[in-house]
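Undergrad: Have a look at this one before I ask anything.
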Amino acid sequence: MRDSVFFLGKGGVGKTTLSSALALALARHGKRVLVASLDPAHNLGDSLKVKLDGEPKNVEKNLDALEVNLAWWVDKYLEESREQLKLNYSYNMTLNLDSFFGILKYSPGTEEYAVLWAIEDIHSRLAPSYDFVVFDTPPTALSLRFLSMPTISGLWVAELTKLRERILKDRQTIVRLDPDSPVAKGTVDKSDDKVYGKLGSIRTRLAALEVLFSKHSFMNIVVNPDQLSMYEALRIKDELERLGIPLSALCLNKHGVSEAAYELPAELHHLPKFTYSFSRDGIFTRDDLVSIGIEPLMNHILSERKTTR
Amino acid sequence: MPLQFGHILKTTLKTLTQVNRGKATGILDFELKELENIFTLLILGGFAGLPSPPSPIAIELLPYMEKELIVLIARADLAQDPLGVLMGMLEID
């Protein structure tokens, strides 16, 4: 069932505002909702007027919110790997590799993976208690990287699995020909090989995330009435198409904020469009958030969900 | 005396069988080590500038790859003379 909602777009277009507004509207409509910020520079709590952390906090009836702590996820993950490494490796080897872990948190891809681990945790541990999970995402670059990660990593893992199978097959042949070979002391069966097992579990997890993004989510692009955010929306559309992730709606936020001319790209015309006028009085309370007119988008999501159930 | 002769014969046959088995698996063993080396290089190559999967995948697999790392280090030692190793294995002088 489609129960996750993502808002994507250029930095500052209003993803947090629309995420909070939709979550509030759904909650006041009687749905149990969790709104989660994946942005390392959180402001979901500021928007909802509640101090948030990594665990769900009740905002009002039917609505919980959390701000994912990416640094905590990276540290947790590295610590678990380090402990496993100490458990499996001989002392001397561990001593050489241990110092290595200190710098791994800064290696490319780690932050994107931390977002994936957080989404996986929310989806498996928390989502069953809610009707909807609304994700407020980081700006485009990081969002596209974490959305593409399951597909790209999946390709790598598939190739590594094939190579591992070939290694295990060679080991089996050697042991069959020469049962006294040193190879016999190691693992020769797929069922005993921890590397093969780990590759399998990584593949399963990545496939589940791929399905979540492509089949169980509403992906909404947020744009402002300016050409730059439109160009970025096009890039998001192209990238998501490449990944096989369908778009659900286009949200034109801050309509009327300027008189500058802009043009909605033809490639985005087919998407259901929802417009939100710029609020000159500002948005200060949760009631202000609901009053921006989010109901049409909410109804669109509710009706789409019914048809895909 | 016959018992001792039988024992010697048995040991000799066992040794000969083992030598033949070793020869039969030698090339396969070489291929296996190369594959294990390539597997490790593919996973950990990112740390040395080679194309590789995102490093978090390497971190997940690393705790189970001690043997492969030892092969990688041993292979690196032989990297100076790979042809020599191959010729030696094929018994070409």
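The values are calculated or read from the model by the stated rules, or taken from the named source; none is laboratory data. Computed from a predicted model, the values in this text were never measured in an experiment. Every residue, glycine among them, receives a Cβ derived from its backbone with ideal geometry; neighbour counts consider all protein chains shown.
Undergrad: Test of understanding: among A:Asp226, A:Asp192, which residue is within 14 Å of chain B (Cβ to nearest Cβ) and either out of contact with any Pro (no Cβ under 6 Å at 6 or more places or on another chain) or within 30 Å of A:Val13 (Cα to Cα) (or both)?
TA: A:Asp192
Undergrad: Cβ contacts < 6 Å: first residue outside any helix (DSSP H, G or I), restricted to the range A:40-53; second residue of a type in the set (Asp, Glu), any location; separation 6+ or different chain. Result?
TA: Correct list of pairs: A:His42/A:Glu67; A:Leu52/A:Glu67.
Undergrad: Taking the options B:Leu61, B:Leu41, name whichever one is without any contact (Cβ under 8 Å) to a residue 24 or more places away in the chain and in a helix (DSSP H, G or I).
TA: Testing whether each residue is without any contact (Cβ under 8 Å) to a residue 24 or more places away in the chain and in a helix (DSSP H, G or I) leaves just B:Leu61.
Undergrad: Could I ask something else about it? In the set A:Asp75, A:Asp121, which member is in a helix (DSSP H, G or I), among the acidic types (Asp, Glu) and away from chain B (no Cβ under 14 Å)?
TA: Numbers: A:Asp75 fails: away from chain B (no Cβ under 14 Å).
Going through A:Asp75, A:Asp121 in turn, just one is in a helix (DSSP H, G or I), among the acidic types (Asp, Glu) and away from chain B (no Cβ under 14 Å): A:Asp121.
Undergrad: Something else now. Only residues that are under 17 Å from A:Pro296 (Cα atoms) and under 15 Å from the mean Cα position of the chain (by Cα): list them for the range A:1-56, please.
TA: Selection gives A:Val5, A:Phe6, A:Phe7, A:Lys15, A:Ser19.
Undergrad: If you don't mind, another one. Just name the residue that is modelled with the lowest pLDDT out of those in the range A:78-112 that are under 29 Å from A:Leu142 (Cβ atoms) and not in a helix (DSSP H, G or I).
TA: Just the residues of the range A:78-112 that are under 29 Å from A:Leu142 (Cβ atoms), to begin with: A:78-85, A:97, A:99-112.
Imposing the further condition that a residue be not in a helix (DSSP H, G or I) reduces the set to A:105-109.
Working: A:Lys105: 71, A:Tyr106: 75, A:Ser107: 74, A:Pro108: 74, A:Gly109: 77.
That would be A:Lys105.
Undergrad: Hey, another quick one. Consider B:Ile73 carefully, then state whether it is more than 20 Å from A:Ile174 (Cα to Cα) and surrounded by 16 or more Cβ atoms within 10 Å (Cβ to Cβ).
TA: Against the criterion (more than 20 Å from A:Ile174 (Cα to Cα) and surrounded by 16 or more Cβ atoms within 10 Å (Cβ to Cβ)), B:Ile73 does not qualify.
Undergrad: Out of A:Gly200, A:Gly154, which single residue is at pLDDT 95 or above and among the small types (Gly, Ala, Ser)?
TA: Only one candidate qualifies: A:Gly200.
Undergrad: Let me ask something else. What number of residues within the range A:240-290 are surrounded by fewer than 14 Cβ atoms within 10 Å (Cβ to Cβ), of a type in the set (A, V, I, L, M) and in contact (Cβ under 8 Å) with a residue 12 or more places away in the chain?
TA: Total meeting the criteria: 1.
Undergrad: Can you spot a residue in the range A:123-141 that is of a type in the set (Ser, Thr, Tyr), under 22 Å from A:Phe218 (Cβ atoms) and under 10 Å from the mean Cα position of the chain (by Cα)?
TA: Looking through the range A:123-141, at least one residue is of a type in the set (Ser, Thr, Tyr), under 22 Å from A:Phe218 (Cβ atoms) and under 10 Å from the mean Cα position of the chain (by Cα).
Undergrad: Could you tell me whether any residue of the range A:169-184 is outside any helix (DSSP H, G or I), closer than 23 Å to A:Gln84 by Cβ, over 19 Å from the mean Cα position of the chain (by Cα) and at the interface with chain B (Cβ under 10 Å from one of its Cβ atoms)?
TA: no
Undergrad: On the given criteria, is A:Ala114 within 10 Å of chain B (Cβ to nearest Cβ) and of a type outside the set (S, T, N, Q)?
TA: yes
Undergrad: Whether any residue in the range A:117-139 is at pLDDT below 90 and buried (at least 20 other Cβ atoms within 10 Å of the Cβ) is what I want to check. Break it down stepwise before answering.
TA: Here is the first cut: in the range A:117-139, the residues at pLDDT below 90 are A:139.
When the remaining residues are screened for being buried (at least 20 other Cβ atoms within 10 Å of the Cβ), the result is none.
No, the conditions are met nowhere in the range A:117-139.
Undergrad: Checking the conditions here, which among A:Leu168, A:Leu147 is touching a Lys or Arg at 6+ places or on another chain (Cβ under 7 Å) and at pLDDT 90 or above? First the steps, then the outcome.
TA: Details: A:Leu147 fails: touching a Lys or Arg at 6+ places or on another chain (Cβ under 7 Å).
Being touching a Lys or Arg at 6+ places or on another chain (Cβ under 7 Å) and at pLDDT 90 or above holds for just one of A:Leu168, A:Leu147, which is A:Leu168.
Undergrad: Step by step: first the residues of the range A:154-168, then only those that are at the interface with chain B (Cβ under 7 Å from one of its Cβ atoms) and among the basic types (Lys, Arg), then the one that is surrounded by the fewest Cβ atoms within 10 Å (Cβ to Cβ). Which residue is that?
TA: Here the residue is A:Arg166.
Undergrad: Could I ask something else about it? If you take the residues in the range A:185-207 that are farther than 30 Å from A:Pro108 by Cα and either of a type in the set (Val, Ile, Thr) or assigned to a helix (DSSP H, G or I) (or both), which one is farthest from the chain's Cα centre (by Cα)?
TA: A:Lys185
Undergrad: Another one. Would the range A:131-141 turn up any residue that is part of a helix (DSSP H, G or I) and in contact with a helix residue (DSSP H, G or I) (Cβ under 9 Å, 6 or more places away or on another chain)?
TA: For the range A:131-141, residues part of a helix (DSSP H, G or I) and in contact with a helix residue (DSSP H, G or I) (Cβ under 9 Å, 6 or more places away or on another chain): present.
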